[in-house]
Structures are given as C-alpha cells and as structure tokens.
Amino acid sequence: MKKQINQFYDFGSIRLDATNRLIYRDGAPLGVQPRVVETLLVLVKNANQIVDKDALLDAVWHDAAVEEGGLKRNISLLRKALGDEGRFIETLPKRGYRFIAEVKETWEEAPFYEIEEAAEIILQRRATLKITHEEEVTNESVTVPSAAVSTETATAVVPQNRRLVYSLRVLALLAMAIAVVAGFYFFRGSENNATASGSPPIRTIAVLPLRNLDTNSQNSFALGLTDSLISRLGKFNRLTVRPFSAVEKFNESRKDAVTFGQELKTDAVLEGTIQTIDNQVRVNLRLADVKTGQQLWSDNFEETASDLLKLQDAISGKVAQVLLIKLKHEEELLLSKKATTNAQAYELYLIGRERWMRREMNRDCLAFYRKAIELDPNFALAYLGIADLYAFTYETKVAEDALAKAIELDPTLHEAYATRGFLQMFHHWDWEGADRSLRRAIELAPNSSKAHHWYGVYLSIQNRLDEAQREMERALELDPTALVIMTDLAELHYFKSDYERAERELEKVLTIDPNFLNARLNLVKIRYKRGASYFLEDAEFQLFWLKLRKSETPPQEIDTSRLEEMLAKRDERGLQKAAEETYRRSLKAQPEVHLSFAKQYLLTGEKERCLHELEEAVAARIFTIPFVAVDPFWETVRSEQAFQSILRRMNL
C-alpha cells in the first residue's frame, strides 16, 4: 500500500487531520460537515490570534456568499462536536473568534488510499465545469452514517420533510457522475489530452520547500532539491512556476500550503517531505488544488543516498507528466537533459546553492561550487553559481569568466543570459549588449520573473518608462509577492513624476514588510519631491537603519542619542553636518558615498561640488549611478554640460 505524509494538529483529546480534512476525538472520527472542519482548520492555524468574522467567512466560504448567521451555526456545531464548553474557542463580541488551546503540529506517515476523485477534479477543470453544493447546516447533519449502512437505513436517517431535497441531490450527483464519465471517455478518445480543452489544467504552480523530517541533518539537500525542481519545471513554457524567492518564506510561515498558494495566486501547490532512513532518501509529494483545497495527486519516491540524481530525475519527470498530462517532444528532451552525471558534484552544488539562497555569499559557498567543478569540469550550473555569487560585487572578472564557461557548456541556460545582461548593464554600461542578453533570456524562458524584472530595469534606465512598466508588471504577475519588484514599480512612477502614486505604492510594500530598506530609502527622495525636508527624511531613514542594526544578533553597539536629539529639534543644519561627517569617515571604504555627497551639495545649491562628486561616482563605477539619467532628483543640474558629459561617459 502507498504511503503519504499527513499533517496533524493535536489539542486535548482532539486530533485534526489537515491533509484529509478529518476530525477525531479520543481516536474516533467525528461526522461533521466539510465547512465545519475548514472553520476549525482556520482557527487552529491562527491559534492564540483573533480571527475576525470577515476573514473567517472569506477563508471558509470563499466560493459562496454566506451570512454571519451561517458562521455562528458552524461555530456552535464545532463546539458541540469537540465537547468544547469554552475550552478551545473563545468568542470576542463584535470582533471574531480565537482558538486558545495549546496546539501541537506533527507530520506522520499514513496509508494513502487512491480514489478516482483526482481524475474527476482535473476533468472538471478542463471542461470548465463548476458545480457548487452547500450542505444545509442543521443539528441532524452532524452525524454521518458509516460506509456500511444500507440504502434503506440511510434513507431512514433523513427526516421526512427533507426526503425530496435528498432525492433531488442524489439525482444531481448521478447526473454529474454521468457527465464526468462521458467527459472521461471524450478526453481519452481525443488525440492530445493536454490540448483537449485548449489549455493545460494547471497553468501556475508553487513548489514549496520540502520539509526535512531528519532533525539531526542539514537542510541543504531539501532546499537545493526544491530549487532544482523549480528550475527544471520552469523550463516548460506551458507552466508558470513561482521562483524560489517567492516560496522560501513557507518554512517560517504558519500558513498551510493551500493558503500560501492562494497568496501566491497559483492554481496548485506541490508540497512534500524528505527523510533519510538507513541510507535511503524518501521524498513524499502531494499536489493540491488551491481553489478547492483537494488533493489532485500524491506519490512517494525512494532512492539510495548515492543516487540523488536518479531521485531528482524521477521526481521532475513524474511531476511534469502529472501537470502537463502529455509531454511534447521538446519537453521530453528538456527532461532528459542532465546538468551532471556526477552525483557527488550535484550534491556539492546543492549545498552551495542553498547557502547562496540564504544570502551566505561567502568563500565557503564558492568552495562548494569549485569542488563540484573539480569533480565535473562540464557542470554548467556550478559555473553559473560562481557568476551569480560575484555579479553583485566589484570582482566582475571572476563572474564574467564563470558565466562565459556556463554559456559555452549550455547555450540554453536562460539564467546565465539574465545574469550576463545584469553585468553588462551595471558593470560595463553596455546597453546594446544588455538588451540582447535579456531578450535572449526571455526568449528561452518567457515565464522567468527575473528576466522580465531586469529587462524592466534596463528599459527604465533607457527612459522607456511605459515599456519598463509593462515588463515589471509581467514580472510581478509571475512573482506576486516580490517586494523588490513592487518597489521598482513604485520607483517607475517616481521617474514619471507621479510622486503621489509612487508613495502610495511604497506604503503598501512597507505594510507587508516594515523593514524593507529599499522601499524606505526610495521614500526619502519621493517625499522630498512632494515638499518634505530631505535632511529630516534622510535622518529618519538613518535612525531606522541604525536601530535595526542594534537589534541584530549579536546587537551592534550604536549610539543614536545625538541623531534622535537633532530630529526632535528638527535641526536640519545639524543633521546635514552630522551626515557629512559620517560620509567623510566612510569614504575610503565605501565609494558609494560620493553619490550621497552629490545629493547634499545639490540641496545646498553648490552645483560645481555636486557635479564633481557625480564625476567621482562615475569614476568609481558606483552600482546605482546609471539611474541619475532618469531620476527627477537631478533635474536642476540635468541641463549642465558637465552632467551631460557624465551621461555620455555611461553611454547614456
């Protein structure tokens, strides 16, 4: 019998099976309506937090309009079923409900019973058939007859005044079953299952980080395998796969997979676990429909620890077949293409990749990539890893050499062209080359949010702002939770001098993450353009940043009292001098400070000194210097001959 990993929540004598949507009390199943189970699931996942009524209604009845009375009846039925008496669910008048019991979350292996429901769901999706059925909530409906009860007994359970409704429901279910069977044979008889409805049943998917069940082992392989699976599935243009940057927060989230998928605006989510038992690596996977929460497919894979490549191939091949139904010839070729045949090299690459994804851009990370290349000199992904590692530094030669090798080994590696476009833009000011590289990346991977985002950045620097907005909106569509894309879109409105909208969009970003520094930094110049004091706004940002550093582990010993005192007095002159002193102290170590000096001199009307500092910033090839071409902050010196000369030096 197949096995799967189920998610459980335990409290008191109650066990909630979140995977199969079942409730047990003292080991016995409770016969409750599906909506009642969903209500409990929402409350348990937000334990000790107030869930307001509207949020609960949206979560449980997202596909139907239900009055508040329906929610109250559900809570009442839930309390009776649990034997609650106020022990589990607290009512907060006019606000909502709160689950107050201590909850333990576990993942356990359990039998998986295959049913035909998954095929039925997919067929319904293809035929765009939707039949919604809302059970009437009554006290009688709490008890569910067992599967062994005869038809006559089942009829006797139903009250006399509901037999007609019951009969009509049976007829409706029979009609739906006939339609599904007919649809099944219709689709089976067509020449191409995948295109029978004109489009695949699942267009967008989020592959969530695999949960590592080994408490004593590193998580490198789990995250690395997840990223690898995302990358391989992302090669299929018929699928939009959310990037790792969008799903990496799942491990720290208290949300379940389906809720997380709803936030990412996907059709389905793929979640799973990984465990090593006696040198055997086992991966359990589950595909769930985001709209209904129902399981579409489940399977497990097992290989020896030395056969990780075979494990990856088996998983990606099976998942691709499930999602795409029938692979095209070119898609089969993509699947059969192997990045490396050396299992040890692949494992080292995964460790390096996982550390890079955790922003550990250190020499240890580089060592894993280089060791992988020693074992397999033709491992293109390992070279790309080195290039990505150095692309954000001033050591561009290392990045370029590694990138050239990666493209030589695999000319279809779209991520390599995106990174090359990035290097050409910000390190060489080779705008034509960047245009070609980024277009090539999009051509190879039309659903790459990274390629569309960076092409949008390129277009914005070229002052092609409407085109840039279209590219960034496409990038955000592909990665809906990317704060950096949201921030860059807001900055586009700033470049267009629509300061009010730019500020509004950045405030949305900070509502999601108040510590997102790039959004706060952009707000300084936007509010300045809307009439605020630049020195006060900048000082507020500096104070926020310093306090953030003081909260680090271990905490930074930073004295902010002087800055706080000047802000309280609104001492703009004092703040200007304090900032200048700070810049001078850090100038040798941080050449970016030339740009900060230029801003200060522009604000004080010292144009010559401002332009001199801009020239120094260009000479130091400051990363953000090309943006002066479109930034309204510099409009008072834009017509100056020296400023135009600066733009020409950057080939703008």
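The values are calculated or read from the model by the stated rules, or taken from the named source; none is laboratory data. Being a predicted model, the structure only gives us computed values, none of them experimental. Methodologically, a virtual Cβ is constructed for each residue, glycine included, from the backbone with ideal geometry; neighbour enumeration extends over all protein chains shown. Calculation scope for accessible area: heavy atoms of the full protein, side chains included, ligands and nucleic acids excluded. Shrake-Rupley method; radii C 1.70, N 1.55, O 1.52, S 1.80 Å.
How long are the semi-axes of the equivalent ellipsoid of region 535-652, taking √(5λ) for every eigenvalue λ of the Cα gyration tensor, in whole Å from largest down?
Values: eigenvalues 171, 57, 27 Å².
Rounded to whole Å, the semi-axes are 29, 17, 12.
Charges on Cβ only, +1 for Lys and Arg, -1 for Asp and Glu, centred on the Cα centroid of region 526-652; of 643, 596, 574, which one is farthest towards the dipole's positive end?
Most positive-ward Cα: 643.
When the accessible area of region 503-601 is split by element with a 1.4 Å probe, what percent falls to carbon and sulfur?
On the way: 2870 of 5910 Å².
Percent of accessible area from carbon and sulfur atoms in region 503-601: 49.
Only loop residues by DSSP count here, and only those with at most 15 other Cβ atoms within 10 Å; note down the trypsin sites (Lys or Arg not before Pro) in region 428-489 that meet that. The partial results should precede the final answer.
Values: sites: 436, 439, 440, 450, 464, 470, 474; in loops: 464.
Taking region 428-489 and a limit of 15 other Cβ atoms within 10 Å, the loop trypsin sites (Lys or Arg not before Pro) found are 464.
Mind giving me the nanometre distance, one decimal, between the label points for residue 371 and residue 263, set 7 Å out from Cα along Cα→Cβ?
3.5 nm
Between their Cα atoms, which of 265/450; 249/508; 318/405; 450/599; 72/291 are more than 22 Å away from each other?
On the way: 265/450 18 Å; 249/508 19 Å; 318/405 31 Å; 450/599 30 Å; 72/291 24 Å.
Over 22 Å apart, Cα to Cα: 318/405; 450/599; 72/291.
Alpha carbons only, please: Rg and Dmax for region 517-595, in angstrom.
In order Rg, Dmax, the Cα atoms of region 517-595 give 13.1, 39 Å.
Using alpha-carbon pairs under 8 Å, 6+ residues apart, how would you state the relative contact order of region 529-640 in percent? Please list the in-between numbers first.
Values: 68 pairs, mean separation 19.2, N = 112.
Relative contact order of region 529-640: 17 percent.
Could you give the length gained by full extension between residue 484 and residue 412, i.e. 0.36 nm per residue of separation minus their alpha carbon distance, to one decimal place? Mind dumping the intermediate values first?
Details: separation 72, 0.36 × 72 = 25.92 nm, distance 2.66 nm.
Here the segment from residue 484 to residue 412 would lengthen by 23.3 nm.
By average Cβ neighbour count within 10 Å, what is the ranking of 598-604, 69-75 from highest down? Mind dumping the intermediate values first?
Numbers: 598-604: 19.3, 69-75: 17.6.
Result, highest mean Cβ count within 10 Å first: 598-604, 69-75.
Where the convex hull is taken over the Cα atoms of region 357-496, what is its projected area averaged over directions, in nm²? Walk me through the numbers before you get to the answer.
Values: hull surface 33.6 nm².
The number I arrive at for region 357-496 is 8.4 nm².
Highest mean first, how do 271-284, 21-34, 561-574, 476-489 rank when packing is the count of other Cβ atoms within 10 Å averaged over residues?
The densest-packed peptide leads the list: 476-489, 271-284, 21-34, 561-574.
Just the accessible area per residue of region 489-599, please: how many Å² with a 1.4 Å probe? All intermediate terms of the calculation are to be shown ahead of the outcome.
Details: 6410 Å² over 111 residues.
Result: 58 Å² per residue.
Using a probe of 1.4 angstrom, how much of the accessible area of region 410-461 is carbon and sulfur, in percent? The partial results should precede the final answer.
Working: 790 of 1620 Å².
Using a 1.4 Å probe with all protein chains present, region 410-461 comes out at 49 percent carbon and sulfur.
On average, how much accessible surface per residue is there in region 384-445, in Å², for a 1.4 Å probe, leaving out ligands, DNA and RNA? Can you show the working numbers first?
Details: 2430 Å² over 62 residues.
Roughly 39 Å² per residue, with all protein chains present.
If r is the Cβ-Cβ distance from residue 500 to residue 606 and R0 is 35 Å, what FRET efficiency results, to the nearest 0.05? Intermediate values should be presented prior to the final figure.
Working: r = 30 Å, r/R0 = 0.85.
Working from the Cβ atoms, E equals 0.70.
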